[in-house]
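We did not get these values from a lab; they are worked out from the coordinates using the rules stated. These numbers were taken from a predicted model, which means no experiment stands behind them. Cβ sites come from the backbone with ideal geometry, for glycine too, and all protein chains shown count toward neighbours.
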Amino acid sequence: MHPSYIEKVLRLRKLFGTDGIRGVAGEFPLDKKTVYAVGQALGNHLPPGPKRIVIGQDTRESSTWIAQTLSAGLHASGTHTEDAGIITTPGIAYLAHSKKFSAGVVISASHNPWQDNGIKVFGPDGYKLPDETELEIEKEIFSLLAGNASPGPASASLAADHHLHSAYVEWLARTIASPGRLKAVVDCANGAASAIAPEVFRISGVNAQFTHHSPNGRNINKNCGALHPEVVAREVVSCQADLGICFDGDADRALFADHHGKVVNGDAIMLLMARQLKQQGKLANNTIVATTMSNMGLEIALKELDIRMLRAPVGDKYVLDEMKKSGAVLGGEQSGHIILSREATTGDGLLTALRVLDIVAGSGKSLAQLVAGLKVFPQVIKNVPVREKQPLKQLPAVQAAIEQAEHELNGSGRVVVRYSGTEALARVMIEAESKEQMEKHANAIAQAIQTTLGA
């Protein structure tokens, strides 16, 4: 899917970003009236027949009332809801498909701070909704709001069904052959993994020491988890563990640390997994799918293994789209979203962690040794707050700075400038053999954006 198409979709959509609806809890579009309308509109767009939705949530203090309000809107549309309680985003994707629900909804803002929240929707196949469907639902949401439809009851009561939780835990625990004698430090980010990971790792026989697994509603992602992998990296060295694992708030991604305390990101994990799948003869078409943000070093390392790397726009749903087109069974993002399409319909941090543990234990080598083939090009990412998301090609000063960077790098680096799909940010990414060139061009482009669109 071409990046210009993604930019067009993001401009058309007012509520849905690349990962559902997200904002400050209690404020539009996550005020009670709008959340209720989201429930109504979603219920009205479900396939004909009995309508059942499974709902899950992360550990933010706002997640419960948002889930209850959404459920009330769903009930108004004739939809029955079942509550999976605190569970990861991929847990809801798994349940939606395996338990034959009409859809699955998770209340989470992923890696965002506790004040934010979000609504993510999965179809009955376990995949995120197509952009076109999200646009249709958006239109109905605005129609309901414009019509001043009664908000109905403030909320609907929800009681978590432990059988739903157990079904996901048991499925995950079956995905690892043997963790051997590995010792892992696991950072749950005080998020959804706190309710799942300890049970999964215990059943799987993993010798794990858990940290940041005591959520209080406001400490999700705070100085921990995948936003701060250096924290678990320090703990690995302190505990003399074999490796560290850290999740984000909804545990759809995972980052790692080796026994030296060096952070191991999604690019390195894709290299690790691609090599093993190729050795096993299971890497379909000798192809993986990464994104525009993945380092050139990954592309070079894969080429040496005779593995082709395709690039998709940022967002795991777009990675998955490209995987379907190319027939690839492995894809992911530098941020730690890893999609193993033979096993799951979306990125799953816990599944990724178990797979990595399995590979490391089976190899007899350390994680550091297994990813040593990745030589990373210097890379910088600058986030620029913007007041609006105008098409970048229509901004002469920004285009001039981009073209100047591309001309001077002359094939020895990469320039990627895009808008965030979930926040009011423009992201400037530069890779170059020279750190000085990298910083120079990143600063120039960021300054051009700041001057033109700065918030």
Handout entry: Among Thr64, Ile359, Gly23 - extreme Cα towards positive end, dipole of the chain, charges at beta-carbon
Key = Ile359
Exercise for the section: Any chance you could check the Cα centroid distance between region 194-235 and region 349-417 for me, in angstrom? Expected result: 25 Å
Exercise for the section: Would you calculate a helix-derived [θ] at 222 nm for the chain, using -39,500 (n - 2.57) for each DSSP H run of n ≥ 4 and dividing by the full residue count, to the nearest 500? Expected result: -12500 deg cm²/dmol
Problem - Antiparallel DSSP beta bridges within region 104-222, percent to nearest 5 - result: 50 percent
Exercise for the section: For region 244-389, just say rounded, prolate or oblate: build the C-alpha gyration tensor, square-root its eigenvalues into a ≥ b ≥ c, call rounded for a/c under 1.5, and beyond that prolate if a/b exceeds b/c, oblate if not. Expected result: rounded
Handout entry: Amide hydrogen neighbours beyond the local backbone of Leu243, cut-off 5 Å, H modeled
Key = Lys183, Val185
Handout entry: For the chain, share of DSSP beta bridges that run antiparallel, in % to the nearest 5
Key = 55 percent
Completion exercise
Per the C-alpha gyration tensor (a ≥ b ≥ c, the square roots of its eigenvalues), region 269-326 is rounded if a/c is under 1.5, else prolate if a/b beats b/c, else oblate; here it's oblate
Fill in the blank from the handout: Ranked on Cβ counts within 10 Å of their own Cβ, fewest leading, Arg181, Arg418, Arg253 go Arg181, Arg418, Arg253
Handout entry: Three-way shape call for the chain based on the alpha-carbon gyration tensor, with the a/c threshold at 1.5
Key = oblate
Exercise for the section: Please work out, to two decimal places, the log10 of the ratio I(q)/I(0) at q = 0.12, 0.19, 0.25 Å⁻¹ from a Debye calculation in which every Cα of region 173-263 carries one identical scatterer. Expected result: -0.31, -0.79, -1.25
Practice task
Could you tell me what fraction of 2.2 N^0.38 Å the Cα radius of gyration of region 379-453 comes to, as a two-decimal ratio?
Solution key: 1.02
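Could you work out Rg/(2.2 N^0.38 Å) for region 12-164, with Rg from alpha carbons only? Don't skip to the end; give the middle numbers.
Working: Rg = 13.6 Å, N = 153, 2.2 N^0.38 = 14.9 Å.
Rounded to two decimals, the normalised Rg is 0.92.
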Practice task
Sort out for me the Cα centre separation of region 78-149 from region 248-313, rounded to whole Å.
Solution key: 29 Å
Practice task
Output the pairs from Lys128/Lys382; Lys14/Lys325; Lys51/Lys139; Lys324/Lys375; Lys128/Lys183 with a Cα-Cα distance over 24 Å in this structure; if there are none, say none.
Solution key: Lys128/Lys382; Lys14/Lys325; Lys324/Lys375; Lys128/Lys183
